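The block underneath contains the structure these notes are about, expressed in C-alpha coordinates.
The values are calculated or read from the model by the stated rules, or taken from the named source; none is laboratory data. Keep in mind it's a predicted model, so treat the numbers as computed, not measured. We place every Cβ from the backbone using ideal geometry, glycine too, and count neighbours over all the protein chains shown.
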Amino acid sequence: MSDRKHRIDVDFFRQLDRFTFLVRKRVSSAYAGSRRSHRKGQGLDTIGYTEYYPGDDLKSIDWNVYARSEKLYVREFEEDKSVTTHILLDSSNSMDYTLDTVTKFEYGAMLAAGFAYLVTKDNDKFGISTYSEDIAISQTHRGRRHLLRDIDRLVEVELQGQTALAHCVQRYEKMIKSRSLVIIISDFMEDLKSIESAIYRLSNHDLILIQVLDPSESDLSMHGHVKLMDLETNDEMKTYLSNNFKDKYQEELQAHIDGIQNICNHVGADLYTFTTDTPIFEAFFNAINRRHM
(Lines give C-alpha, C1' and ligand atoms only; values in the text may rest on other atoms or scores of the structure.)
Protein backbone atom coordinates (compact mmCIF):
# COMPACT_ATOMS: atom_id res chain seq x y z
CA MET A 1 0.00 0.00 0.00
CA SER A 2 1.32 3.47 -0.90
CA ASP A 3 2.21 5.85 1.94
CA ARG A 4 1.67 8.89 -0.26
CA LYS A 5 -0.43 11.63 1.28
CA HIS A 6 -2.74 13.89 -0.70
CA ARG A 7 -2.50 17.65 -0.36
CA ILE A 8 -5.89 19.00 0.68
CA ASP A 9 -5.80 22.74 1.35
CA VAL A 10 -8.84 24.01 3.29
CA ASP A 11 -7.77 27.65 3.70
CA PHE A 12 -10.67 28.58 1.42
CA PHE A 13 -13.12 27.72 4.24
CA ARG A 14 -12.76 31.32 5.45
CA GLN A 15 -14.00 32.58 2.08
CA LEU A 16 -16.94 30.18 2.18
CA ASP A 17 -18.11 31.77 5.42
CA ARG A 18 -19.31 34.71 3.29
CA PHE A 19 -21.81 32.57 1.45
CA THR A 20 -24.74 30.32 2.25
CA PHE A 21 -25.20 27.11 0.27
CA LEU A 22 -28.91 26.77 -0.46
CA VAL A 23 -29.85 23.14 -0.11
CA ARG A 24 -33.43 22.88 -1.37
CA LYS A 25 -34.98 22.78 2.04
CA ARG A 26 -38.61 23.11 2.91
CA VAL A 27 -38.27 25.98 5.32
CA SER A 28 -36.00 28.90 6.09
CA SER A 29 -32.35 28.05 6.66
CA ALA A 30 -32.62 30.01 9.88
CA TYR A 31 -33.85 26.77 11.47
CA ALA A 32 -31.83 23.64 11.98
CA GLY A 33 -32.35 20.26 13.56
CA SER A 34 -35.03 17.63 13.10
CA ARG A 35 -38.20 19.56 14.02
CA ARG A 36 -41.05 18.90 11.62
CA SER A 37 -44.05 20.62 10.18
CA HIS A 38 -47.00 18.90 8.53
CA ARG A 39 -47.35 21.52 5.81
CA LYS A 40 -46.84 20.29 2.27
CA GLY A 41 -43.63 21.23 0.50
CA GLN A 42 -40.24 20.00 -0.65
CA GLY A 43 -39.67 17.63 2.21
CA LEU A 44 -38.30 14.22 2.91
CA ASP A 45 -41.30 11.95 3.33
CA THR A 46 -43.82 11.53 0.50
CA ILE A 47 -47.42 12.06 1.63
CA GLY A 48 -49.17 12.06 -1.76
CA TYR A 49 -49.06 12.83 -5.47
CA THR A 50 -50.49 15.49 -7.76
CA GLU A 51 -50.51 15.63 -11.55
CA TYR A 52 -47.51 17.38 -13.07
CA TYR A 53 -48.02 20.86 -14.53
CA PRO A 54 -45.41 22.90 -16.46
CA GLY A 55 -43.31 24.82 -13.96
CA ASP A 56 -43.36 22.12 -11.26
CA ASP A 57 -39.96 21.03 -9.94
CA LEU A 58 -38.63 18.22 -12.15
CA LYS A 59 -36.95 16.66 -9.12
CA SER A 60 -40.39 15.97 -7.62
CA ILE A 61 -41.52 13.81 -10.55
CA ASP A 62 -41.89 10.15 -9.56
CA TRP A 63 -40.46 8.26 -12.54
CA ASN A 64 -41.53 4.91 -11.10
CA VAL A 65 -45.16 6.05 -11.24
CA TYR A 66 -44.57 7.31 -14.79
CA ALA A 67 -43.21 3.88 -15.82
CA ARG A 68 -46.44 2.26 -14.60
CA SER A 69 -48.98 4.83 -15.74
CA GLU A 70 -47.20 6.79 -18.51
CA LYS A 71 -48.45 9.93 -16.76
CA LEU A 72 -46.35 12.49 -14.91
CA TYR A 73 -47.05 12.95 -11.20
CA VAL A 74 -45.10 15.01 -8.66
CA ARG A 75 -44.59 13.97 -5.07
CA GLU A 76 -45.92 16.02 -2.16
CA PHE A 77 -43.69 15.95 0.89
CA GLU A 78 -44.08 16.46 4.59
CA GLU A 79 -42.23 19.62 5.51
CA ASP A 80 -39.00 19.20 7.44
CA LYS A 81 -36.18 21.43 8.61
CA SER A 82 -33.09 19.27 8.06
CA VAL A 83 -31.57 17.56 5.04
CA THR A 84 -28.81 14.96 5.06
CA THR A 85 -26.01 15.45 2.52
CA HIS A 86 -24.33 12.39 0.98
CA ILE A 87 -21.06 13.08 -0.86
CA LEU A 88 -19.57 10.38 -3.11
CA LEU A 89 -15.97 11.06 -4.17
CA ASP A 90 -14.29 9.10 -6.99
CA SER A 91 -11.04 7.51 -5.74
CA SER A 92 -10.18 5.46 -8.84
CA ASN A 93 -6.75 5.58 -10.47
CA SER A 94 -7.86 8.06 -13.12
CA MET A 95 -8.34 10.69 -10.39
CA ASP A 96 -4.58 10.58 -9.72
CA TYR A 97 -3.85 12.46 -12.93
CA THR A 98 -2.27 15.89 -13.20
CA LEU A 99 0.20 17.76 -15.40
CA ASP A 100 0.35 20.57 -12.84
CA THR A 101 0.42 20.46 -9.04
CA VAL A 102 -3.11 19.40 -7.98
CA THR A 103 -4.52 16.00 -8.91
CA LYS A 104 -8.16 15.55 -9.80
CA PHE A 105 -8.66 13.66 -6.53
CA GLU A 106 -7.11 16.43 -4.44
CA TYR A 107 -9.29 19.03 -6.16
CA GLY A 108 -12.36 16.82 -5.74
CA ALA A 109 -11.51 16.25 -2.07
CA MET A 110 -11.38 20.01 -1.50
CA LEU A 111 -14.80 20.34 -3.13
CA ALA A 112 -16.16 17.53 -0.96
CA ALA A 113 -14.75 19.10 2.19
CA GLY A 114 -16.07 22.52 1.20
CA PHE A 115 -19.63 21.30 0.64
CA ALA A 116 -19.50 19.40 3.95
CA TYR A 117 -18.23 22.54 5.68
CA LEU A 118 -21.18 24.55 4.36
CA VAL A 119 -23.59 21.84 5.52
CA THR A 120 -22.17 22.00 9.05
CA LYS A 121 -23.16 25.67 9.23
CA ASP A 122 -26.79 24.50 9.50
CA ASN A 123 -25.82 21.65 11.83
CA ASP A 124 -27.13 19.15 9.29
CA LYS A 125 -25.79 15.63 8.81
CA PHE A 126 -23.28 14.74 6.08
CA GLY A 127 -21.12 11.84 4.98
CA ILE A 128 -18.16 11.66 2.58
CA SER A 129 -17.69 8.22 1.00
CA THR A 130 -15.05 7.25 -1.57
CA TYR A 131 -15.61 4.83 -4.42
CA SER A 132 -13.90 3.16 -7.37
CA GLU A 133 -14.71 -0.50 -8.17
CA ASP A 134 -16.45 -0.65 -4.78
CA ILE A 135 -17.48 1.96 -2.25
CA ALA A 136 -16.07 2.72 1.21
CA ILE A 137 -19.23 3.90 2.96
CA SER A 138 -18.92 6.58 5.61
CA GLN A 139 -21.81 6.95 8.04
CA THR A 140 -23.45 10.38 8.18
CA HIS A 141 -22.72 12.62 11.14
CA ARG A 142 -22.85 16.24 12.32
CA GLY A 143 -20.23 18.76 13.33
CA ARG A 144 -16.85 20.24 12.47
CA ARG A 145 -15.05 17.60 14.55
CA HIS A 146 -16.26 14.86 12.20
CA LEU A 147 -15.40 17.00 9.17
CA LEU A 148 -11.78 17.30 10.35
CA ARG A 149 -11.65 13.52 10.76
CA ASP A 150 -13.04 13.06 7.25
CA ILE A 151 -10.37 15.38 5.82
CA ASP A 152 -7.65 13.42 7.64
CA ARG A 153 -9.09 10.22 6.14
CA LEU A 154 -9.14 11.67 2.61
CA VAL A 155 -5.48 12.68 2.95
CA GLU A 156 -4.64 8.99 3.43
CA VAL A 157 -6.95 7.45 0.78
CA GLU A 158 -5.19 5.11 -1.64
CA LEU A 159 -6.35 5.63 -5.21
CA GLN A 160 -6.88 2.34 -6.99
CA GLY A 161 -9.00 0.43 -9.45
CA GLN A 162 -11.40 1.44 -12.18
CA THR A 163 -14.63 3.38 -11.78
CA ALA A 164 -17.89 1.46 -11.33
CA LEU A 165 -20.35 4.19 -10.43
CA ALA A 166 -23.54 2.22 -11.13
CA HIS A 167 -22.46 -0.67 -8.89
CA CYS A 168 -21.36 1.67 -6.08
CA VAL A 169 -24.56 3.71 -6.17
CA GLN A 170 -26.60 0.49 -6.12
CA ARG A 171 -24.85 -0.39 -2.85
CA TYR A 172 -24.96 3.10 -1.38
CA GLU A 173 -28.60 3.96 -2.07
CA LYS A 174 -29.70 1.32 0.45
CA MET A 175 -28.39 3.48 3.31
CA ILE A 176 -30.24 6.64 2.22
CA LYS A 177 -33.35 6.54 4.40
CA SER A 178 -35.09 9.74 3.28
CA ARG A 179 -34.95 12.34 0.55
CA SER A 180 -31.48 13.87 0.71
CA LEU A 181 -28.93 15.99 -1.08
CA VAL A 182 -26.51 13.73 -2.99
CA ILE A 183 -23.29 15.11 -4.49
CA ILE A 184 -21.14 12.94 -6.79
CA ILE A 185 -17.62 14.21 -7.57
CA SER A 186 -15.73 12.45 -10.36
CA ASP A 187 -14.08 12.90 -13.74
CA PHE A 188 -16.97 10.73 -15.04
CA MET A 189 -14.60 9.06 -17.50
CA GLU A 190 -16.58 5.85 -17.76
CA ASP A 191 -19.33 4.33 -19.83
CA LEU A 192 -22.33 6.65 -20.16
CA LYS A 193 -24.74 3.81 -19.37
CA SER A 194 -23.17 3.35 -15.93
CA ILE A 195 -23.51 7.07 -15.23
CA GLU A 196 -27.11 7.05 -16.48
CA SER A 197 -28.00 4.11 -14.21
CA ALA A 198 -26.56 5.92 -11.18
CA ILE A 199 -28.39 9.16 -11.98
CA TYR A 200 -31.76 7.43 -12.32
CA ARG A 201 -31.25 5.48 -9.09
CA LEU A 202 -30.72 8.78 -7.27
CA SER A 203 -33.30 10.81 -9.20
CA ASN A 204 -35.66 11.01 -6.21
CA HIS A 205 -33.05 13.06 -4.37
CA ASP A 206 -31.64 16.55 -4.82
CA LEU A 207 -28.75 15.43 -7.04
CA ILE A 208 -25.58 17.32 -7.99
CA LEU A 209 -22.84 15.95 -10.27
CA ILE A 210 -19.47 17.72 -10.27
CA GLN A 211 -17.07 16.75 -13.03
CA VAL A 212 -13.39 17.43 -12.31
CA LEU A 213 -10.95 17.47 -15.24
CA ASP A 214 -7.29 18.34 -15.61
CA PRO A 215 -6.77 21.30 -17.97
CA SER A 216 -4.80 19.02 -20.31
CA GLU A 217 -7.86 16.76 -20.59
CA SER A 218 -10.26 19.60 -21.20
CA ASP A 219 -8.05 21.21 -23.84
CA LEU A 220 -5.65 18.68 -25.33
CA SER A 221 -2.47 20.75 -25.59
CA MET A 222 0.06 18.01 -26.47
CA HIS A 223 1.23 17.60 -30.05
CA GLY A 224 3.31 15.14 -32.03
CA HIS A 225 4.48 11.67 -31.03
CA VAL A 226 3.34 10.76 -27.50
CA LYS A 227 2.87 7.72 -25.28
CA LEU A 228 -0.49 7.63 -23.52
CA MET A 229 -1.23 5.50 -20.45
CA ASP A 230 -4.62 4.51 -19.06
CA LEU A 231 -4.23 5.05 -15.30
CA GLU A 232 -7.01 2.58 -14.50
CA THR A 233 -5.81 -0.34 -16.66
CA ASN A 234 -2.10 0.59 -17.13
CA ASP A 235 -2.57 0.05 -20.89
CA GLU A 236 -0.13 2.08 -23.01
CA MET A 237 -0.64 3.45 -26.50
CA LYS A 238 1.88 5.22 -28.73
CA THR A 239 0.27 7.61 -31.16
CA TYR A 240 0.71 10.85 -33.06
CA LEU A 241 -1.42 13.75 -31.90
CA SER A 242 -2.29 15.66 -35.04
CA ASN A 243 -4.63 18.63 -35.19
CA ASN A 244 -7.32 16.34 -36.64
CA PHE A 245 -6.85 13.91 -33.74
CA LYS A 246 -7.20 16.72 -31.21
CA ASP A 247 -10.32 18.03 -32.93
CA LYS A 248 -11.86 14.55 -32.84
CA TYR A 249 -10.91 14.20 -29.15
CA GLN A 250 -12.60 17.49 -28.29
CA GLU A 251 -15.74 16.40 -30.14
CA GLU A 252 -15.85 13.06 -28.31
CA LEU A 253 -15.26 14.68 -24.92
CA GLN A 254 -17.95 17.28 -25.48
CA ALA A 255 -20.38 14.61 -26.70
CA HIS A 256 -19.75 12.64 -23.50
CA ILE A 257 -20.35 15.70 -21.31
CA ASP A 258 -23.45 16.61 -23.32
CA GLY A 259 -24.73 13.06 -22.80
CA ILE A 260 -24.39 13.42 -19.03
CA GLN A 261 -26.02 16.84 -19.15
CA ASN A 262 -29.00 15.50 -21.10
CA ILE A 263 -29.59 12.76 -18.52
CA CYS A 264 -29.34 15.32 -15.71
CA ASN A 265 -31.78 17.60 -17.48
CA HIS A 266 -34.29 14.75 -17.78
CA VAL A 267 -34.42 14.14 -14.02
CA GLY A 268 -33.73 17.71 -12.85
CA ALA A 269 -30.20 17.08 -11.56
CA ASP A 270 -27.43 19.69 -11.69
CA LEU A 271 -24.12 19.18 -13.52
CA TYR A 272 -21.03 21.34 -13.07
CA THR A 273 -17.68 20.88 -14.83
CA PHE A 274 -14.48 22.40 -13.42
CA THR A 275 -10.81 22.05 -14.31
CA THR A 276 -8.25 21.79 -11.53
CA ASP A 277 -6.73 25.18 -12.44
CA THR A 278 -10.03 26.85 -11.48
CA PRO A 279 -9.56 28.55 -8.08
CA ILE A 280 -11.49 26.39 -5.64
CA PHE A 281 -13.46 29.33 -4.25
CA GLU A 282 -14.42 30.36 -7.78
CA ALA A 283 -15.85 26.86 -8.36
CA PHE A 284 -18.01 27.21 -5.24
CA PHE A 285 -19.04 30.72 -6.19
CA ASN A 286 -20.24 29.55 -9.60
CA ALA A 287 -22.12 26.55 -8.16
CA ILE A 288 -23.74 28.59 -5.40
CA ASN A 289 -24.78 31.36 -7.75
CA ARG A 290 -26.42 28.90 -10.13
CA ARG A 291 -28.38 27.26 -7.31
CA HIS A 292 -29.58 30.69 -6.16
CA MET A 293 -31.05 31.50 -9.58
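Of the conditions (1) among the aliphatic types (A, V, I, L, M); (2) assigned to a loop (DSSP other than H, G, I, E, B); (3) free of Cβ contacts under 8 Å to residues at least 24 places away in the same chain, V65 clears all except one; give me its number.
The number of the failed condition is (2).
Listed here are the residues, each with its yes/no results for (1) surrounded by fewer than 20 Cβ atoms within 10 Å (Cβ to Cβ); (2) polar (S, T, N, Q); (3) not assigned by TED's automatic domain parsing to the domain that holds F115.
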residue: I137; (1), (2), (3): yes, no, no
residue: H141; (1), (2), (3): yes, no, no
residue: R145; (1), (2), (3): yes, no, no
residue: E156; (1), (2), (3): yes, no, no
residue: Q162; (1), (2), (3): yes, yes, no
residue: H167; (1), (2), (3): yes, no, no
residue: E173; (1), (2), (3): yes, no, no
residue: L181; (1), (2), (3): no, no, no
residue: S186; (1), (2), (3): no, yes, no
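How about region 133-169: which of its residues are basic (K, R) and not in a helix (DSSP H, G or I)?
Matches in region 133-169: R142 only.
Got a sec? Which of I288, I195 is under 30 Å from D62 (Cα atoms), modelled with pLDDT of 85 or more and either outside any helix (DSSP H, G or I) or out of contact with any Cys (no Cβ under 6 Å at 6 or more places or on another chain) (or both)? Break it down into steps so the answer makes sense when it comes.
Details: I288 fails: modelled with pLDDT of 85 or more.
It is I195.
The conditions are (1) touching a residue at least 24 places away in the same chain (Cβ under 8 Å); (2) in a helix (DSSP H, G or I), and L88 fails exactly one of them. Which is it?
(2)
Just need a number here: residues in region 118-132 that are assigned to a loop (DSSP other than H, G, I, E, B), in contact with a helix residue (DSSP H, G or I) (Cβ under 9 Å, 6 or more places away or on another chain) and closer than 15 Å to S180 by Cα.
1
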